[in-house]
Amino acid sequence: MASSLDNIKNIEELDLSGKKVFIRLDLNVPIKNGVIKDDTRIKEALKTIRYALDKNAKVILSSHLGRPKGNLKEDKKEFSLLPVGERLGELLGVEVLLWEDPQGLGAKAVLGELNSKKILLLENSRFLKEEEKNSHSMAANLAKLTDVYINDGFGALHRAHATVAALPSLIKERGIGFLVKKEVEVLEQLLTNIKRPFWAILGGAKVSDKIGVIENLLEKVDGFVIGGAMAYTFLKAQNITVGNSLIENDKVSLAKDLLKRIEARHKKIILPIDHVVAKELKANTNTRVTQTAAINDGEMGLDIGPQTINLIKSEIADAKTVFWNGPMGAFETAPFEKGSFELAKILSNLSAAMTVVGGGDSVSAVKKAGLSEKMGHISTGGGASLEYLEGIELPGLKALKGSHVEPLKADPEDIDEDFFS
Ligand code: AMP
């Protein structure tokens, strides 16, 4: 059966010994006042880095962090990879040299120093606007530091950016690391090797972000659970009153259409049958649990209610596959976390099922509930996993396929003068 990893080498098939190995990672971790709040993505990157170091590669790492403005001089500090480099150094027991220029200008001079105890980390790739423009000249500069290109940044595979797409298209020796392989293989199972019943549980704020997934999974799942604020757009499509809840008015007719298509295929759909409501989204505000799906004027639905939680629990009790993306309520604010925490608990008790959780918020709900270890797979990439399940070919994978290499057509002004030497 065809796989999205066909014609893509994995790191173990490439000769890394003594080579300059450029590894694109997703080290985009939450940082507050210089302190890393969750280092999962850093830890998930270690296997590939260690493998390259064991093979005597000269390791050059690259990643984005947050959404800086793309201005190298002004961006700094808040979005610097400095704390990430320090953490990597501790975990790997190596010296991490942070190189200020994300496209590695001038870094050629230090490549000779790199060894199994010293690696290079390029500063936040998004400090240059060229990254998001998928700039050929940024890629051409990085190509100078690269004999072998490895992508192990699953969370950025859906971005057609210079370090993800343009760069590997210039490098003949290229492939994926261990994390990308694991993530893609798990998601691929959800599309091709489905153990039934298969439930997709979608939540979060926006219907628009999840339309593609609903459409692509329509034929594959046995049922959908829709919670979070996106559920109110679907309830409104059924002429149920939703009070002041967050909804997307321009998506109501689309929601109506999706509901019809789900029903026409005899798939199940669970929408909230009760809610935790309040006058406003504020911590520890007065709340009320509704008895029905209807919400009064002046009230907002902020979480799914206990009857809905029980309904989900009984409906998915025999599930063999579950994919969850998006929280069931405004879980960052107490007491609206309960629905998401309870859902995490329900999934953690489905011992016979493959449970896949993707998306920053649902992953953080699972972690806050202390249940990460009980999930089958926790994805490091929310947007990437959604786009993969939408059936979109991820630009970061596309760029690694086959053996075609783009010719260098660099703009000499943007390139190190000794580039072609
Ligand atoms: P998304 O990025 O679309 O997955 O949305 C995640 C956000 O949706 C989180 O910040 C949640 O707080 C928010 N959210 C989920 N349910 C609700 C709700 N009922 N009302 C307001 N915000 C919500």
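Can you tell me which of (1) of a type outside the set (Lys, Arg); (2) under 30 Å from GLN189 (Cα atoms); (3) assigned to a helix (DSSP H, G or I) is the one MET1 doesn't meet?
Of everything listed in (1) of a type outside the set (Lys, Arg); (2) under 30 Å from GLN189 (Cα atoms); (3) assigned to a helix (DSSP H, G or I), MET1 misses just condition (3).
All but one of (1) under 20 Å from ASN249 (Cα atoms); (2) within 16 Å of the ligand (Cβ to nearest atom); (3) touching a residue at least 40 places away in the same chain (Cβ under 8 Å) hold for GLU215; state the number of the condition that does not hold.
(2)
Under 7 Å between Cβ atoms, which residue pairs at least 6 apart in sequence (or on different chains) link something in segment 60-78 that is under 18 Å from GLY104 (Cβ atoms) and touching a residue at least 12 places away in the same chain (Cβ under 8 Å) with a partner that is among the hydroxyl-bearing types (Ser, Thr, Tyr) and in a helix (DSSP H, G or I)?
Correct list of pairs: SER62/SER125; SER62/THR163; SER63/SER125; HIS64/SER125.
If you go through segment 101-113, how many residues are in contact (Cβ under 8 Å) with a residue 24 or more places away in the chain and surrounded by fewer than 22 Cβ atoms within 10 Å (Cβ to Cβ)?
Our first condition is that a residue be in contact (Cβ under 8 Å) with a residue 24 or more places away in the chain; within segment 101-113, this holds for 101-108, 111.
From the residues that got through so far, the ones that are surrounded by fewer than 22 Cβ atoms within 10 Å (Cβ to Cβ) too are 101, 105-108, 111.
Total satisfying the criteria: 6.
Considering only segment 350-391, state which residues are out of contact with any helix residue (DSSP H, G or I) (no Cβ under 8 Å at 6 or more places or on another chain), in a loop (DSSP other than H, G, I, E, B) and over 20 Å from VAL221 (Cβ atoms).
Passing the criteria: SER351, GLY370.
For segment 258-340, list the strands (runs of 3 or more DSSP E) that sit wholly inside it and hold at least 2 residues that are surrounded by 20 or more Cβ atoms within 10 Å (Cβ to Cβ) and touching a residue at least 60 places away in the same chain (Cβ under 8 Å); which are they?
Details: elements: 268-270, 275-278, 300-304, 321-325.
Ranges flagged: 300-304, 321-325.
Of everything in segment 7-48, what is of a type in the set (Gly, Ala, Ser) and surrounded by fewer than 16 Cβ atoms within 10 Å (Cβ to Cβ)? Give them in sequence order. Can you show your working first?
The initial filter retains those residues of segment 7-48 that are of a type in the set (Gly, Ala, Ser), namely 17-18, 34, 45.
Matches in segment 7-48: SER17, GLY18, GLY34.
Yes or no: segment 201-211 includes at least one residue that is in the same structural domain as GLY359 (by TED's automatic domain parsing), assigned to a helix (DSSP H, G or I) and of a type in the set (A, V, I, L, M, F, W, C).
Let us first name the residues in segment 201-211 that are in the same structural domain as GLY359 (by TED's automatic domain parsing), namely 201-211.
Next cut, assigned to a helix (DSSP H, G or I) only: 211.
Then keep just the ones that are of a type in the set (A, V, I, L, M, F, W, C); that gives 211.
Looking for residues that are in the same structural domain as GLY359 (by TED's automatic domain parsing), assigned to a helix (DSSP H, G or I) and of a type in the set (A, V, I, L, M, F, W, C), one finds at least one in segment 201-211, hence yes.
Being in a helix (DSSP H, G or I) and in contact (Cβ under 8 Å) with a residue 60 or more places away in the chain is the filter here; which residues of segment 131-159 pass it? First the steps, then the outcome.
Kept after step one, since they are in a helix (DSSP H, G or I), are these residues of segment 131-159: 131-132, 136-143, 154-156.
Scanning segment 131-159 gives GLU131, GLU132, HIS136, SER137, MET138, ALA140, ASN141, LEU142, ALA143, PHE154, GLY155, ALA156.
May I ask you to say which residue of VAL21, VAL29 is among the hydrophobic types (A, V, I, L, M, F, W, C) and assigned to a loop (DSSP other than H, G, I, E, B)?
Details: VAL21 fails: assigned to a loop (DSSP other than H, G, I, E, B).
The conditions single out VAL29.
Would you please name the residue that is nearest to the ligand (Cβ to nearest atom), looking only at residues in segment 218-236 that are assigned to a loop (DSSP other than H, G, I, E, B) and among the charged types (D, E, K, R)? Walk me through it before giving the result.
Just the residues of segment 218-236 that are assigned to a loop (DSSP other than H, G, I, E, B), to begin with: 218-222, 227-229.
Remaining after also requiring among the charged types (D, E, K, R): 219-220, 222.
On the way: GLU219: 23, LYS220: 21, ASP222: 23 Å.
Step by step, filter segment 218-236, then rank; the result is LYS220.
Looking at the structure I just gave you, is GLY376 more than 13 Å from the ligand (Cβ to nearest atom), within 24 Å of VAL29 (Cα to Cα) and more than 19 Å from the chain's Cα centre (by Cα)? Break it down into steps so the answer makes sense when it comes.
On the way: more than 13 Å from the ligand (Cβ to nearest atom): yes; within 24 Å of VAL29 (Cα to Cα): yes; more than 19 Å from the chain's Cα centre (by Cα): no.
It is false that GLY376 is more than 13 Å from the ligand (Cβ to nearest atom), within 24 Å of VAL29 (Cα to Cα) and more than 19 Å from the chain's Cα centre (by Cα).
The values are calculated or read from the model by the stated rules, or taken from the named source; none is laboratory data. Everything numeric in this text was worked out from a predicted model, so none of it was measured. Backbone-built Cβ (ideal geometry, glycine too); neighbour counts: all protein chains shown.
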